[in-house]
Every structure is written in C-alpha cells, then in structure tokens.
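Here is the structure we will look at.
The values are calculated or read from the model by the stated rules, or taken from the named source; none is laboratory data. Since the structure is predicted, the reported quantities are computational estimates derived from the model, not experimental observations. Cβ coordinates were reconstructed from backbone atoms using ideal geometry, including for glycine residues, and neighbour counts include every protein chain displayed. All accessible areas refer to the heavy atoms of the entire protein, side chains included, with ligands and DNA or RNA removed. Shrake-Rupley method; radii C 1.70, N 1.55, O 1.52, S 1.80 Å.
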Amino acid sequence: MDYLIFSVSLMLVYIGLAQLLHIQFGLAGIPNFGVVGFWGIGLYGTGVLYVKAGVPLLPAMAMASLLATALAYVLARLVLQRNGQAILAATLAFATIVSTLVVSEKDLTGGVQGLGTIRFPFSDLEQRNLIFMIMLLIVVCALIWISAKLRDSRLGRQLVAIRDNEELAASLGKNTAATKRWVFAITCGLMGLLGGMSAPLHQFLVPYQLSPSLTFAVWIALVLGGKGHNLGAIVGVFVTFGLFDILIETYAPVPAEQAILLPNFKLFCYGVLLVMIIMFRPLGILGVDKPKVRSSTTTPPRELSNASVEKG
Amino acid sequence: MRLEANNLTKAYHTQEVVNIEKVTFGSAGLEGLIGPNGAGKSTLMGLLTRRITPSSGTMKLHIEDKTHPLNPFHSHQVARIGLIKTNQRIQGFDSLTIRDSLRLAATPARAEGFKSLFSGQRDSEEVEEKVARLVEAFPFADRNGYAMSGGEKKLLDILRCLIAEPKLLLMDEPTAGLPEDITRSVMDMVREKVQAGAMRVVVVEHDLPLIWEYCEYVHFLSEGSILFEGAPEEVKANRVVAEKYMGV
Ligand SMILES: Nc1ncnc2c1ncn2[C@@H]1O[C@H](COP(=O)(O)OP(=O)(O)OP(=O)(O)O)[C@@H](O)[C@H]1O
Ligand SMILES: [Mg+2]
C-alpha cells in the first residue's frame, strides 16, 4: 500500500511537471529542457533549508520555489529572446550546472553521500503519506485548472500569438519578451514547488535524482499525450509512467532475474511509442484543444455590413 | 502628428539600403510612398516602427503635443504610442482564428496580464462588436474559422492593424495579393477613418493609380534616398520620378 501511495505521488509530480511544460512549450513555445534543474532547485533547496538550516518543511518549500522562480527569471533575461535551439541548450546546461553543484557543494548538500532525512508534514500521523499524496493531488489539480483558465484567457491567447509569430505580436503592442519571461519564471517556480514536494517523498536526497532522465520522461509524456492539449500531460504520464512504472513494475508477474531488464524494456517501449506518435499523430494522443470561451452574443449582421460603406 | 527621421541610414554589410537626410510623414491625412523595387521602402517602414535597427540617425514621433524619440523604443512600445505597420509579406498567427486574431489586436496589452485568467468573459462586448463589424464587412470564406488563402491572410493583417486603432498607420503594399474590389473597400474604409480624424496613413504602393486617387501628398524614394516630395500632380509631372521609376 505504501509503495502504491509512493508511486502515485511520484506520478502526480510527473503530471504536474508535464502540465507546467505544457504551458511553457505547448502554449508559449519555450522549449525548456532543464525541467529537472528547476525541480532540483526546489528539491535540494527544500532539503538543505530543512536539514541544514532547520527551516520547517512548508516554508522551506516556499523559499526553494521562490529561488527557482528567481533563477528562472535571470535565465529568461539571458536567453529567452534567442532562438529555440539556444533556449534548449541553455536550459539543459542550467540543469547540468544544478546537478554538478549539488555534487560539488558537499557542505551544503551532502554531495554523493546524500542528504536526509526529510520527513512528511504531520509526521506523527500514521496516514502521513496518504495525506501528503492528497496535498500533491490538490496542487496538481490546481495546476490543471489554472492552465485551463490560462488557455481560455486573454493572456493565453497572447502566448499562442507569441508562439506563432513573436515579431508580429510585438508589432501589435504586446510586450512579448516580458510576458514570456514572467510566464517562464512562474512556471519554473512551480516546477520548483513540485521539487520541494518531492523531497519528503524521497526522504533522502542524492544527486542521482537530478539526472536528465526526469526531463526526458516529462517531455516524452507531454509529446505523447499532446503538447497543445490541456489534458495531454495527464494522458501522457498515464501511458508512460502509469503504465510502466506502476502497473508493469509493480503488478506484472515478471520473474526476478528478468526484472533488471525492465527499465531497458521500458525505454524501448517509450522509444517505439514516441516514433509511432510522431509518425502517425504528431500532435499527440489528444491533439490540440481550442479555448473554451463563453460564446459572446454574436452581434447580428445588420449593423455590420453597412459599417464599411458609410462615408464620414 | 509628425513622424520625422533625420540622417537615417541602414546598411546591410557594406550595402547602404536607406540613407535619408530628412523625411516627415503624417502632415497630410493620407500620404503615399513610392519608388522602384529595392528602393528601401519596406526597410524604411521597418526602421520607423523599430522592427529594424538603424545604422545611424534619429526618429521622432510628435503626437498630441508630445515628442517621442523612437530610437530607444522596442517595437511594442512604438505600437503602444500609436504607430503600427501592415506587412508586405504575409504574416499571421496560424493557430488563431480570424476573430481571435482580431480580438488579440483589439485588446490593449494592459488587459492581458495574469489577472485576465480570472475574468469571467474573455472579451468585452466592445471588442466583440468591433471584431464582428470588421469580419462581416469582408467576404471571408469562413468567418468563424481561419484565414485560408494568401489574400485572406493579407486582408487580416491589415484589419488587425486597423482594429488596433493606430494614430499613424503605415501600409506596406496593401494591394499586393488582394483582389481589386477588396483593395477598394479597404482603402475606402481607411480614407473614411482618416477623414473622420481618427488616424493618418502612409501607403507604400506600386499601384500608382491608387496612390494618385487616395493620397494628398507623395514621397518618392529611390536607392535609399528621398528624391522628390509633393502633391500627386507634382510627383506625376516630375522628371526625376519619371526617369527613375516610370521608365519614361
Ligand atoms: N535583411 C536584409 N539583408 C540584406 N539586404 C536586405 C535585407 N532587407 C532588405 N535588403 C535589401 O535592401 C534593399 C531594399 O529592400 P526593401 O525591401 O526595403 O525594398 P522595397 O523598396 O520595399 O522594395 P519592394 O518594392 O520590392 O518591396 C534591397 O536591395 C534588399 O535586397
Ligand atoms: Mg517592400
């Protein structure tokens, strides 16, 4: 049971990350390949504050997310107005720097020996892991709700316009650079929050957790599910993490000697899935969804057609 | 209203494509800017709206007793003080419908902040009305869908600029790719707004009859420099213009 709660909690973190990536990449067109970096700032930030500085868990998470926001803002200032490849490289590099620093700054992070122990909040309750899973569920639902709100909002429309043709959007008076910067900073900060919330899940932090495979898993999930669909993240994580890491690893009757091959088999399946999706359904399983906007009164055409003919 | 450029130059590598001692737009209601292919008309418009960075020179926009130096501005700031340009080459937002594209242009940037996530209705009645009026005035194949043909995209580009209600609109070859009758209704709509005092317009065109018909003042640009300016009749009669452009 505990293991299931742990797996589901982890899956919720993945869904949250993919949802944020949907905002960054699906809506705003920012290819963030440093997901694990921002998540890692939250994870280790929370860990260090909690273990070394004795800050209570929830404030530690909040502070670590703010740190992730601030770093993302600075990174955005440096690279966000450059082309996609530059952003991709810079965010990937950022994540690498984070994981390198975690290894090298032993005094703070414990280096390769690890950092622990980070306890669940309400640690004297027996159902603490369940309570924490519910907290994660609430956060992730809020993220999904917010991103649906964003899709249907004027800001979301501006993001789509920026993704399609930034120069044109700017020429219509949109401060595209600032919009992108803030959206990026805030969503990265929320990735940091999910990182902070992952700290008590893992209890013990090791630099290995900051490997780029997290970034790739989130990207694969989003691309499979549908980067432009608000529910693409959920579907994507279900067919990857949910299917393989939870269902197959936990419940499939795989003999012990073959079990070590499972991770490789999983990667193989991800690869095949990805190729299939890109070939046959490039927009992902769900495709793209349209803003759901309360249809405003369609103004009757009578007063419309003569507007152009009228002479002043 | 006066849009003024002094000693404005733009060079790509060593090739100077714009070199203008002084030019002023916006004194008349509707002005034309003509010149041969490659004269630098589009480049000049790009410079004035700060989409292109000048090699040297200054640009200023005098508007309602205020003078805005344009050099330090970004392109969105230029648009916000009311200077907007339509595009010669087709540009658009592929994932926005015709209506959404217009709504976007009609929405001021201050209404697009994070708060807009929680406003009940996305667009105000006022915006919807303006959008509906424009969409219904033109024969789009699918008024609730996307701009399909090049012509529709070109038209949408112009309408986006109009709905943003600029004070000074620069139009880069509005007729290119548009059928004659649409061009007419666009230009009539533009003229009507100009006569109502809502905005002033500079049109870049190769379609000279259109220039002669609509413009009160015409600038002639050739090889990056303004060679002649005047009323349409004067420009028509000018020898330099005739030689350099009309191939007489
Ligand atoms: N980005 C660029 N890099 C190099 N040269 C350029 C660039 N943009 C324009 N040019 C050159 O500058 C000159 C002026 O181009 P511009 O587009 O301003 O001309 P134009 O007057 O608008 O012509 P047309 O009537 O054909 O639209 C041309 O010779 C063109 O090749
Ligand atoms: Mg041109």
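A few notes on this one:
- Residues that are under 23 Å from A:PHE132 (Cα atoms), of a type in the set (A, V, I, L, M, F, W, C) and open to solvent by less than 10 Å² (accessible area, probe 1.4 Å) within the stretch A:200-244 comprise A:LEU205, A:LEU210, A:VAL218, A:ALA233, A:VAL237, listed in sequence order.
- Here B:ARG143 fulfils each of the conditions (1) within 11 Å of chain A (Cβ to nearest Cβ); (2) free of Cβ contacts under 8 Å to residues at least 60 places away in the same chain; (3) surrounded by 20 or more Cβ atoms within 10 Å (Cβ to Cβ); (4) within 23 Å of A:LYS290 (Cα to Cα) apart from (3).
- Residues located in the stretch B:43-59, provided they are in contact with a helix residue (DSSP H, G or I) (Cβ under 7 Å, 6 or more places away or on another chain) and more than 16 Å from ligand 2 (Cβ to nearest atom): B:ARG50, B:PRO54, B:MET59
- Per this entry, B:GLY32 is counted among residues that are within 16 Å of ligand 2 (Cβ to nearest atom) and open to solvent by less than 30 Å² (accessible area, probe 1.4 Å).
- Filter result (under 15 Å from B:LEU47 (Cα atoms) and over 12 Å from the mean Cα position of the chain (by Cα)) within the stretch B:74-92: B:HIS74, B:SER75, B:HIS76, B:GLN77, B:VAL78
- Residue match in the stretch B:90-108 (condition: surrounded by fewer than 21 Cβ atoms within 10 Å (Cβ to Cβ), within 22 Å of B:PRO174 (Cβ to Cβ) and within 16 Å of ligand 2 (Cβ to nearest atom)): yes
- From the options A:ILE118, A:ILE41, A:ILE23, residue that is closer than 24 Å to A:ASN175 by Cβ and among the β-branched types (Val, Ile, Thr): A:ILE23
- Picking from residues in the stretch B:70-95 that are free of Cβ contacts under 8 Å to residues at least 40 places away in the same chain, at the interface with chain A (Cβ under 9 Å from one of its Cβ atoms) and not charged (D, E, K, R), the one that is nearest to ligand 1 (Cβ to nearest atom) is B:SER75.
- One residue alone among B:THR43, B:THR67 is under 17 Å from the mean Cα position of the chain (by Cα) and more than 9 Å from chain A (Cβ to nearest Cβ), and that residue is B:THR43.
- Boolean, A:ILE186 is touching a residue at least 60 places away in the same chain (Cβ under 8 Å), over 30 Å from B:LYS153 (Cβ atoms) and open to solvent by 20 Å² or more (accessible area, probe 1.4 Å): yes
- Elements of type helices (runs of 4 or more DSSP H) contained in the stretch B:12-123, each with 3 or more residues being in contact with a Lys or Arg (Cβ under 8 Å, 6 or more places away or on another chain) and small (Gly, Ala, Ser): B:98-106
- Test: residue in the stretch A:93-113 that is at pLDDT 95 or above, charged (D, E, K, R) and either more than 21 Å from A:PRO212 (Cα to Cα) or in a helix (DSSP H, G or I) (or both): no
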